[in-house]
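What follows is one structure encoded as structure tokens, with my remarks underneath.
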Amino acid sequence: MLRAALIGFGSSGKTTLFQLMTSARETARAAHGKGETTVGISKVPDARLDRLTAMYNPRKRVPATVEFTDIAAAGAAGGAKALVDVAAYKNADALVHVVRAFQDPAVPHPSGSVNPARDAQAMEDELILADLGVAERRLERLDKDLKKMRSPDLERERDVIQICKAALEQAKPLRTLDLRGEDLKRLRGFQFLSAKPLLIVINLDESQLSGGDAAVQIDRAAQAAGLEGFLSHAATAAVAVCAKIELEIAQLEPADAAAFLADLGLTESGLDRVIRASYDLLGYISFFTVGEDECRAWSIPRGTAAQLAAGEIHSDIARGFIRAEVVGYDHLIARGSMAACRDHGEVRLEGKEYVVLDGDIINFRFAT
Ligand SMILES: Nc1nc2c(ncn2[C@@H]2O[C@H](COP(=O)(O)OP(=O)(O)O)[C@@H](O)[C@H]2O)c(=O)[nH]1
Ligand SMILES: [Mg+2]
């Protein structure tokens, strides 16, 4: 399960977006103390799954999902003090920073004024500061241990953490570092917050929402908010939404909602864009299994081999893996059925090392 945590100043629109994006409402009174954490599941919108479902008319349609957490700010004001709840964000695969750009005298900003670039920087600084503390404490510990005994492994860890510390001291988030392989693995246990992919959600004013291409809107919003600097970073992306308009859309019947979006010159809701952007930012792709019983999207990191992908479905399928019957989404749609694809030699037999592609439709053959 992909996990994304909503972060940001109080009154930026986190809870509004969370409630719109997720169906679940259960509140997990987590042990970490500070705030109350609510966990919800969002279905990742995917037009391909819709078409496959139309083709197979299955009993069940199962989309890919992203889990979002929303953390209630501790203080009543929910100001900068509650900005970073380290414990609560630790298990997140990505952070979604809701940055307020909407003006509303009825909703005071905890810092007294609306300034998206300032807020984005303040959050970045907080993440970096939290990580610096973790790095420093770890280095102290490593120095102590290394005085007692020599260990090449610990020495390498010390080197990597020193690289991190140096970056953090220059106010560089760790997600901008190009660490690979073993070094990346070494860092994973520390759950550095500035190393997590970051999605900036710019919560626009109704007046700022103009029609047209979503990508153009995002660029325009990011520029207006002075956020270009952030977006040039690796593993950082942005989406522009207007929570207020999303609230209105959510109260409409689907057909009316589509008409409303079309009036605004949009093809999809901002919520759908946020959910999909979180998924894409994490480098996840979907493969599909299809049949009369169920059409389902499965989430895997880009570059996953077939046998590992099979394990997403069941460990037995990975263990008994014989081969994968694979057909590309476009082929299946063009031919209209799996049988027709087979007739045209478009169903490939792939081995366990095959790297699964986004949109592959797979039937795993396995021995029990
Ligand atoms: N005008 C306006 N108000 C909004 C918008 N998004 C959220 N709000 C309001 O701002 C207040 C705080 O929102 P909330 O989602 O609770 O923010 P959180 O503190 O970040 O969780 C609520 O009264 C919302 O209705 C928006 O896009 N426009
Ligand atoms: Mg809230």
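Within straight-line reach of residue 148, meaning a Cα separation under 30 Å, sit the following lysines at least 8 residues removed in sequence or on another chain: 165, 185. Accessible surface computed residue by residue for the chain, with neighbouring protein chains in place and a 1.4 Å probe, gives 49 Å² per residue. Mean residue ellipticity, 222 nm, helices only, the chain: the sum of -39500 (n - 2.57) across DSSP H runs of n ≥ 4, divided by residue count and rounded to 500, is -12000 deg cm²/dmol.
Tell me, what is a quarter of the convex hull surface for the C-alpha atoms of the chain, in nm² with one decimal?
It is 21.9 nm².
Working from label points 7 Å from Cα in the Cα-to-Cβ sense, the residue 259 to residue 355 distance is 4.8 nm. Of the beta bridges in the chain, as assigned by DSSP with both residues counted there, near 50 percent are antiparallel. The longest part of the chain holding none of the exposed loop trypsin sites (Lys or Arg not before Pro), meaning those outside H, G, I, E and B in DSSP with at most 16 other Cβ atoms within 10 Å, is 181-301.
Computed in the context of the full set of protein chains, the accessible area of the range 125-194 at 1.4 Å probe radius has 49% of its extent on carbon or sulfur. Applying 1/(1 + (r/R0)^6) with r as the Cβ-Cβ distance of residue 219 and residue 107 and R0 = 22 angstrom yields a FRET efficiency of 0.25. Using R0 = 45 Å, the C-beta based FRET efficiency linking residue 171 and residue 305 works out to 0.75. Cross-link partners for residue 14 among the lysines, with Cα-Cα distance under 30 Å and sequence neighbours closer than 8 places in the same chain left out: 34, 43, 81, 90, 172, 196, 244.
Rounded to the nearest Å, what's the spacing between the alpha carbon centres of the range 108-170 and the range 317-368? Just the number, please. If we compute the Cα centre of each part, the gap is 45 Å.
The values are calculated or read from the model by the stated rules, or taken from the named source; none is laboratory data. From a predicted model like this one, the values you see are computed outputs, not experimental measurements. Virtual Cβ from ideal backbone geometry, glycine too; neighbours counted across all protein chains shown. Side chains are part of the model used for accessible areas, which takes the heavy atoms of the whole protein and leaves out ligands, DNA and RNA. Shrake-Rupley method; radii C 1.70, N 1.55, O 1.52, S 1.80 Å.
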